[in-house]
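A short reminder: the numbers here are calculations on the coordinates, not readings from a lab. All of these numbers come straight from a predicted model, not from anything done at the bench. Positions of Cβ are generated from backbone atoms using ideal geometry, with glycine treated the same way; all protein chains shown enter the neighbour counts.
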Amino acid sequence: MSPEWGSPARLSVFKKLMPCKVEGKVKESFAVVKRSEMPYEDFKKSMMEMIVENQMYEESDLKQLLQCFLSLNSWYHHGVIMEAFTEIWNTMFLDP
């Protein structure tokens, strides 16, 4: 990895224009290549944008969103994706 990109632990990479193969409201979504020094914040922001744009307010919609993010990203990023998703889930369904 080139030095200007930083260490792998600080980068998130979406596969270039890969369609999400999950059914539901995320079916027409595409991932875009993105490098990040703050993958948690970027994944969370991206998820929130998709939730609002696609009006994803049901549990099943969010589960599909999670599957989409996991399917489009390396296992290396699955932990941070789960952390961001859990925060969103808790805010939407558990907070009073």
| request: Count, please, the residues in the range 38-96 that happen to be loosely packed, with under 12 Cβ neighbours inside 10 Å and in contact with a Phe, Trp or Tyr (Cβ under 8 Å, 6 or more places away or on another chain). | output: 1
| task | Residues being touching a residue at least 24 places away in the same chain (Cβ under 8 Å), charged (D, E, K, R) and out of contact with any Lys or Arg (no Cβ under 6 Å at 6 or more places or on another chain): count how many of those fall in the range 42-86. | result | 4
